[in-house]
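Everything below concerns the one structure shown next.
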Amino acid sequence: MLAMSETPTAPARPRILSGMQPTSDSLHIGNFIGALNNWVPLQDEFDAYYFVADLHALTVPTDPEVIRRRSRITAAQFIAAGIDPERSAVFCQSHVQEHPELMWILACQTAFGEMGRMTQFKDKTAKGQNANVGLFIYPILMAADILMYDAAYVPVGEDQRQHLEITRDLAVRVNQRFGENTLVVPEPYILKESAKIQDLQDPSMKMSKTNSTPKGLLELMDEPGKLTKKIKSAVTDTDGEIRYDPENKPGVSNLLVIHSALSGTKIADLERRFVGEGYGALKGEVADVVTSTFTPFRERMNELLADPAELDRTLAKGADRAREIAVVTMDRVRNAVGLLPVTGL
Ligand code: TYM
């Protein structure tokens, strides 16, 4: 793997990058706990790039107005959660046109069978999602997003692990074919306990925008009463003990993970505190922690959305910063693979 100091765009601090698709009017608590909440403290340590993956969202046929609205909402949610656009670049993927160009070059290094083995593609098509070619090559665009910025780490939830593995494979392959210093091989940054938030109604499955029912999904923009109701009706089990045991007690374990991630209390401490208590007590506290986290979040988010022009300016500035790096990476990659430079005008 390349040391950061050897790369042409080596920043003073190691770089991190992550993105979210604008596929809903509200992020859910899985997106928040598995990713966004971890992005915030990483800004102190890293040169951070956070983007709205609007090109990825086109893989699902959606009304153009809806994608535009959700792109602003997603960016506003990053900022409401504590991403500071003065320190971190916050931008839209489609504003940096180098992403699809790098994707093409990487696509020409990817075997057809590698894409066919991607579990998210297999799951989505098995559930009847119409399989356009964009959905099939989705992981290559994601690899381009990451490799464009020489990212050292990529903070995501567990469901993105396979995509990060193919990204690493592609970086290694490009370096072997075209020279060791062409791309930086990134590391995943997946926090063990918070990496997978489960559906509240079916805790054997991950909470997801597409697969969860409304009752199984906690959306950050839900009103406090609605959040509380959903938490109180979360599926648990019948043995009555409050213990972290994801295999045998997925529902209770999921509630403990949500509490711990938002309150900062260790799961072991929660287990000790709830000895002898019933599930009602746990659910009541989880509801308090969730509503007190998301009430100020929702207010901030509504303020940001009330001024879309300012939000668009923030995104444009973020894209400028992102492009500064993308241009350098693409010069290096184009040259490495044998594309002629534009000269002599
Ligand atoms: P997306 O939009 O599906 O999800 C955004 C982030 O939320 C995490 N996540 C979860 N974490 C824990 N529990 C859950 N139930 C849960 N559901 C979602 C995801 O792991 C992710 O971190 N392909 C990406 C977007 C993307 C990207 C990238 C990410 C495009 N290019 C480059 C990183 C780097 C996606 O669909 O995320």
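The values are calculated or read from the model by the stated rules, or taken from the named source; none is laboratory data. Treat the numbers as computed from the prediction; the structure is a model and nothing was measured. Note that we place each Cβ from the backbone using ideal geometry, even for glycine, and neighbour counts take in every protein chain shown.
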Check: Residues in the stretch 308-338 that are surrounded by 12 or more Cβ atoms within 10 Å (Cβ to Cβ) and either outside any helix (DSSP H, G or I) or not charged (D, E, K, R) (or both): how many?
Finding: 18
Note to self: Testing Thr293 on (1) in contact with a Ser or Thr (Cβ under 6 Å, 6 or more places away or on another chain); (2) free of Cβ contacts under 8 Å to residues at least 40 places away in the same chain, one condition comes back false. Which one is that?
What the structure shows: (1)
Check: Name the pairs whose Cβ atoms lie under 8 Å apart, with the first residue in the stretch 133-147 and in contact (Cβ under 8 Å) with a residue 60 or more places away in the chain, the second surrounded by fewer than 24 Cβ atoms within 10 Å (Cβ to Cβ) and of a type in the set (D, E, K, R), and 6 or more positions between them or separate chains?
Finding: Leu135/Lys124
Margin query: Please go through the stretch 15-26 and give me each residue that is more than 7 Å from the ligand (Cβ to nearest atom), surrounded by fewer than 24 Cβ atoms within 10 Å (Cβ to Cβ) and either of a type in the set (Asp, Glu) or within 12 Å of the chain's Cα centre (by Cα) (or both), ordered by number.
Written below: Asp25
Checklist line | Which listed residue, of Thr119, Thr110, Thr125, is touching a residue at least 40 places away in the same chain (Cβ under 8 Å), of a type in the set (Ser, Thr, Tyr) and farther than 26 Å from Trp39 by Cβ | finding: Thr110
Next item on the list: May I ask you to list the residues in the stretch 101-132 that are surrounded by 11 or more Cβ atoms within 10 Å (Cβ to Cβ) and part of a loop (DSSP other than H, G, I, E, B)?
Entry: Gln109, Thr110, Arg117, Met118, Gln129, Ala131, Asn132
Note to self: Condition first: within 13 Å of the ligand (Cβ to nearest atom) and among the basic types (Lys, Arg). Now tell me which residues in the stretch 112-131 satisfy that.
What the structure shows: Lys124
Next item on the list: Of the conditions (1) modelled with pLDDT of 90 or more; (2) touching a helix residue (DSSP H, G or I) at 6+ places or on another chain (Cβ under 7 Å); (3) surrounded by fewer than 21 Cβ atoms within 10 Å (Cβ to Cβ), Asn175 clears all except one; give me its number.
Entry: (2)
Notebook entry, point to check: Can you tell me which residues in the stretch 15-24 are farther than 18 Å from Val327 by Cα and either in contact with an Asp or Glu (Cβ under 7 Å, 6 or more places away or on another chain) or at pLDDT 95 or above (or both)?
Noted result: Ser18, Gly19, Met20, Gln21, Pro22
Margin query: Checking the conditions here, which among Asp145, Asp202, Asp150 is assigned to a loop (DSSP other than H, G, I, E, B) and buried (at least 23 other Cβ atoms within 10 Å of the Cβ)?
Written below: Asp150
Notebook entry, point to check: How many residues does the stretch 27-53 contain that are within 10 Å of the ligand (Cβ to nearest atom), in a helix (DSSP H, G or I) and closer than 22 Å to Ala316 by Cα?
Noted result: 2
Next item on the list: All but one of (1) in a loop (DSSP other than H, G, I, E, B); (2) in contact with a Gly (Cβ under 8 Å, 6 or more places away or on another chain); (3) not charged (D, E, K, R) hold for Ile83, so report the exception by its number.
Entry: (2)
Margin query: Contact list please: Cβ distance under 9 Å, first residue in the stretch 178-200 and without any contact (Cβ under 8 Å) to a residue 24 or more places away in the chain, second residue of a type in the set (A, V, I, L, M, F, W, C) and more than 12 Å from the ligand (Cβ to nearest atom), pairs at least six apart or on different chains.
Written below: Asp199/Val235
Note to self: Here is a check on your reading of the model: is Thr119 within 20 Å of Ala57 (Cα to Cα) and within 16 Å of the chain's Cα centre (by Cα)?
What the structure shows: no
Check: Since Ala81 meets every condition but one in (1) more than 14 Å from the ligand (Cβ to nearest atom); (2) under 17 Å from Leu36 (Cβ atoms), which condition does it not meet?
Finding: (1)
Next item on the list: Would you confirm whether any residue within the stretch 216-226 is under 28 Å from Trp39 (Cβ atoms), modelled with pLDDT of 95 or more, under 27 Å from the mean Cα position of the chain (by Cα) and among the basic types (Lys, Arg)?
Entry: yes
Item checked: Answer from Glu193, Glu180, Glu165 - the residue that is out of contact with any Gly (no Cβ under 6 Å at 6 or more places or on another chain), surrounded by fewer than 16 Cβ atoms within 10 Å (Cβ to Cβ) and modelled with pLDDT of 95 or more -> Glu165
